[in-house]
1. For the stretch 190-208, give me each residue that is more than 18 Å from residue 71 (Cα to Cα) and either modelled with pLDDT of 85 or more or loosely packed, with under 13 Cβ neighbours inside 10 Å (or both).
2. Could you check the stretch 355-369 and list, in sequence order, the residues that are surrounded by 13 or more Cβ atoms within 10 Å (Cβ to Cβ) and more than 21 Å from residue 50 (Cα to Cα)?
3. Identify, from the list 300, 286, 262, the residue that is crowded, with 17+ Cβ neighbours inside 10 Å and assigned to a loop (DSSP other than H, G, I, E, B).
4. Restricting attention to the stretch 11-32, does a residue exist that is more than 30 Å from residue 161 (Cβ to Cβ) and at pLDDT 90 or above?
5. Can you tell me which of 157, 133, 108 is in contact (Cβ under 8 Å) with a residue 24 or more places away in the chain, more than 18 Å from residue 17 (Cα to Cα) and outside the structural domain of residue 324 (by TED's automatic domain parsing)?
6. Look at residue 185 and say whether it is out of contact with any helix residue (DSSP H, G or I) (no Cβ under 7 Å at 6 or more places or on another chain), part of a helix (DSSP H, G or I) and under 30 Å from residue 51 (Cβ atoms).
7. Restricting to helices (runs of 4 or more DSSP H) lying wholly in the stretch 70-167: which have 3 or more residues that are out of contact with any helix residue (DSSP H, G or I) (no Cβ under 9 Å at 6 or more places or on another chain), at pLDDT 90 or above and surrounded by fewer than 22 Cβ atoms within 10 Å (Cβ to Cβ)?
8. When both residues are 6+ apart or on different chains and their Cβ atoms are under 6 Å apart, which pairs have a first residue that lies in the stretch 295-320 and is free of Cβ contacts under 8 Å to residues at least 40 places away in the same chain and assigned by TED's automatic domain parsing to the domain that holds residue 228, and a second that is surrounded by fewer than 18 Cβ atoms within 10 Å (Cβ to Cβ) and not in a helix (DSSP H, G or I)?
């Protein structure tokens, strides 16, 4: 479960990240609370969130080009420092009593612009620290790291805001970035796995898009994650609506529901760390189950049934994220990995400004249950359809065998498949994927 922590460079990275992630969650809570206090408007909180995610939607692919072109450790030193500065600037404005809502908007936008570069660089840097053998484990531990901070950060922020005010939460977040910066500086560069960098040139953005579009094993997982991220991950909208309109509870209940989901996500991350492979069938199966569980939660007859369903929903959501992340990294040409991961992050995170208003409108007009049900239905249908597409692309068919001692349900090659044809097998032990648009790099196991 913790095999990648044997690597010194990754230990330094993970230690720094757990500190800064806790600070980031503190700032998220304090930022929303500050905007609400300054304006009294939930819409203003929504604008802050949109400004933070909008740069990823508009500029995400350019971040991937930068990640492929320059040394990733050096880029991370710059981006982590910039994130720390935004926290310290907001702390200074808040503690001095001069903060206005447009200051928060500007800080959120600046943080979003830095994230455009930081996210793909951080994702692609993992394989340089641990190598391909431990990549999946490291990606899973990164997610566990983030979810652990999600359990601690909001609780600390709530106590700090109540006792001393939002400004101190911003100050601690700004200072928390000293930990990842120190970790990056202490790394032994000689122990990093060498990665090819893309030379400076024109058309690199289009090259990345062509590369992904010519690889079904990359394209369809990204499309699936896009649907899930846009329509299935709108939990702030659904949980607040259920707490207020269905269960008629208070903010403490909202915190409990978020904690249950975070606990499920943490468990999912640790379970993912134990797996040695990233199978496409696991990604599709987790996505289908994720949608079905959301539908079940939408129809839950009572509070505790609803609350307990959030734990497996969190586990499935995290499994989708980790499986897609690690399989895309392993299947990508190292010289194009940054662009592939930037596209992954763009559709996963950048879909929020697009899907949230639509999901919020459905929830407001037709009620929380129908809004949550619609998100689960879209997620389950998208997963089922993309699963069928991958089966057909892989030249496979479903075989049901009820005999004792045999696998009852499995995918096998179709008899009509042309010999030697490129295919992306789903749920099998190996993959022979078309090399269209690659640079002679074979893909990993699905």
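1. The answer is 202, 203, 206.
2. Selection gives 367, 368, 369.
3. Details: 286 fails: assigned to a loop (DSSP other than H, G, I, E, B); 262 fails: assigned to a loop (DSSP other than H, G, I, E, B).
Criteria check complete, one pass: 300.
4. Initially, the stretch 11-32 is screened for residues more than 30 Å from residue 161 (Cβ to Cβ), giving 11-12.
Restricting the remaining residues to those that are at pLDDT 90 or above gives 11-12.
Yes, because at least one residue in the stretch 11-32 is more than 30 Å from residue 161 (Cβ to Cβ) and at pLDDT 90 or above.
5. Numbers: 157 fails: more than 18 Å from residue 17 (Cα to Cα); 133 fails: in contact (Cβ under 8 Å) with a residue 24 or more places away in the chain.
So the residue among 157, 133, 108 that is in contact (Cβ under 8 Å) with a residue 24 or more places away in the chain, more than 18 Å from residue 17 (Cα to Cα) and outside the structural domain of residue 324 (by TED's automatic domain parsing) is 108.
6. Numbers: out of contact with any helix residue (DSSP H, G or I) (no Cβ under 7 Å at 6 or more places or on another chain): yes; part of a helix (DSSP H, G or I): yes; under 30 Å from residue 51 (Cβ atoms): no.
No: the conditions fail for residue 185.
7. none
8. none
The values are calculated or read from the model by the stated rules, or taken from the named source; none is laboratory data. Bear in mind the structure is a predicted one, so any value in this text is a computation, not a measurement. With ideal geometry, Cβ positions are generated from the backbone for all residues, glycine too; neighbour counts draw on all protein chains shown.
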